[in-house]
Amino acid sequence: MHDVRAVHWDDVRNVLVLLDQTKLPAHEDYRACADVDAVVDSVRRLVVRGAPALGAVGAYGVAVAMNQASREGWDDARLQADILRIREARPTAVNLAWGVDRVRPLTSGGVAAVLSEAHAIVREDQAANRELSRIGADWILARVERRPVRVLTHCNTGDLATTGWGTAFGVIRELHERGEVEMVYADETRPLLQGARLTAWECKRQGIPCLVQADGAAASTILRGLVDVAIVGADRIARNGDTANKIGSVGVALACDAAGIPFVVAAPSSTVDMSTPDGSYIEIELRDGSEVTTYAGVSVAPIGSEGLNPAFDVTPARYISAVVSERAAVEPDGVTSVGALVGE
Ligand code: MRU
């Protein structure tokens, strides 16, 4: 089985290469991004998606912008505007801006300095994912009695959403490697089906038993006692632990609360935004309503219907049993800072 790399830098062609996730699971196609328009379009259309993967794209995107500037006649003002376009291509996942901001001070050192830092971000992300997966698996096994464990997850948080291994899905992989996973319930994740198309694909690759269910089935599956723990990733974690993640996550958290089972968030420290006091300050991306009213280009609502399409929701910290990063597992109360997740 070959490695899946959602994001990588091709040294020979000197371009950013993205696995085109809009085409999965039918096709495994790659898109080379040699200019800023291609990077911004890939982020907006979800060719690449998932908070940690977007962090790497932010960093490599700056290198793409610099290469383009070299080709087209260096103009500092235009370069800064291009970098800003990448930084703001999607608003909710803090990792995108974080990745840009981490390499931006290095642009004066040339593209090699930026690329070297971007590669470091990738290495750190992979190491963080392994570590947070161990911490998350330990936390779950210490609190859930049933063996093996039945896990529900929402959206996609594996190789495809990161630079390797995964966050919430990384915890599932760690549990699976320990022989402790009976079943993964993967919410299909309307409207773009990251659960059905991507998480089920990753489960299959890893040999992890998986049932894809409609998002509307999640609460019932939980209340019927078929799930021991739910685990999701994050796009931004505020200082008090409130967490933005794929639309539908808060419904899963409420069902877990009602059923008395843990709801766990797993994310690297790069997803923790200590400058955001609580979830009310998180900007939620509003996507085109046509993503909801159509499916694969075919209308599923009466012609002329308008769709409401927030891409994310915020789960209040009080409904989160634990937030796990590579540094710690924190049980947030909604008031106390979750700074331990970033080593504070
Ligand atoms: O719109 P997407 O597919 O970028 O949303 C992704 C999610 O909500 C993920 O759960 C989150 O980014 C964590 S990825 C490890």
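Using alpha carbons only, how many degrees (0 to 90, rounded to 10) separate the axis of helix 249-259 from the longest principal axis of the chain?
Taking the Cα atoms of the chain, the angle to 249-259 is about 20 degrees.
Give the angle, between 0 and 90 degrees and rounded to the nearest 10, that separates the Cα long axis of helix 51-72 from the longest principal axis of the Cα atoms of the chain.
Roughly 10 degrees, rounded to the nearest 10.
Just to verify a number: what accessible area does Tyr30 come out at with the full protein assembly present, 1.4 Å probe, Å² rounded to tens?
My reading of the accessible area for Tyr30 is about 100 Å².
Tell me the carbon and sulfur percent of the accessible area for the chain, rounded to whole percent, probe radius 1.4 Å. Walk me through the intermediate numbers first.
Working: 6890 of 13740 Å².
Result for the chain: 50 percent of the exposed heavy-atom area is carbon or sulfur.
Sort 302-308, 142-148 by packing, meaning the average of other beta carbons within 10 Å per residue, with the highest value first.
Values: 302-308: 9.6, 142-148: 12.0.
Put in order of decreasing packing, that is 142-148, 302-308.
Computed on alpha carbon atoms, what radius of gyration and Dmax characterise the chain, expressed in Å?
Radius of gyration, then largest Cα-Cα span, for the chain: 19.4, 63 Å.
Output the peptides 168-181, 310-323 sorted from most to least packed, where packing is the average of other Cβ atoms within 10 Å over each peptide's residues.
Values: 168-181: 23.4, 310-323: 21.1.
Top to bottom by mean Cβ count within 10 Å: 168-181, 310-323.
Evaluated at 25 °C with a viscosity of 0.890 mPa s, what Stokes-Einstein diffusion coefficient in µm²/s does the stretch 145-340 have when Rh comes from the Kirkwood expression over alpha-carbon pairs?
Estimated via Stokes-Einstein, D reaches 145 µm²/s.
Taking the Cβ of Thr22 as the center, what net charge do the other residues with Cβ under 15 Å away carry, scoring Lys and Arg +1 and Asp and Glu -1?
+2
Note down the accessible area of Ile208, probe 1.4 Å, to the nearest 10 Å².
10
So what's the back-of-envelope 222 nm ellipticity for the chain, counting only DSSP H runs of four-plus at -39500 (n - 2.57) apiece and dividing by all residues, rounded to 500?
-11500 deg cm²/dmol
With no solvent and one point on each alpha carbon, what is the Debye value of log10 I(q)/I(0) for the stretch 7-124 at q = 0.20 Å⁻¹?
Here log10 of I(q) over I(0) equals -1.03.
Accessible area per residue of the chain at 1.4 Å probe, in Å²?
Working: 13740 Å² over 344 residues.
Counting only protein heavy atoms, the per-residue value for the chain is 40 Å².
Helix 111-143 versus the longest principal axis of the chain: what is the Cα-based angle in degrees, 0 to 90, to the nearest 10?
Helix 111-143 and the main axis of the chain meet at about 0 degrees.
Lys23: accessible area at probe 1.4 Å, nearest 10 Å²?
Rounded to the nearest 10, that gives 90 Å².
Using +1 on the beta carbon of Lys and Arg, -1 on that of Asp and Glu, and nothing else charged, what's the dipole of the chain about the Cα centre, debye to 20?
Working: 34 positive and 46 negative charges, 103 e Å.
The dipole of the chain has a size of about 500 debye.
Count charges around Ala77 for me, please; just the other residues with Cβ under 15 Å from its Cβ, Lys/Arg as +1, Asp/Glu as -1.
Working: positive: Arg78, Arg85, Arg104; negative: Glu72, Asp75, Asp76, Asp82.
It works out to a net charge of -1.
Sorted by accessible area with a 1.4 angstrom probe, largest first, how do Leu226, Leu18 fall? Don't skip to the end; give the middle numbers.
On the way: Leu226 50, Leu18 0 Å².
Ranking Leu226, Leu18 by accessible area, largest first, yields Leu226, Leu18.
The values are calculated or read from the model by the stated rules, or taken from the named source; none is laboratory data. Model, not experiment: these values are computed from the prediction. Cβ coordinates were reconstructed from backbone atoms using ideal geometry, including for glycine residues, and neighbour counts include every protein chain displayed. These accessible areas exclude ligands, DNA and RNA; they are computed on the full protein's heavy atoms, side chains included. Shrake-Rupley method; radii C 1.70, N 1.55, O 1.52, S 1.80 Å.
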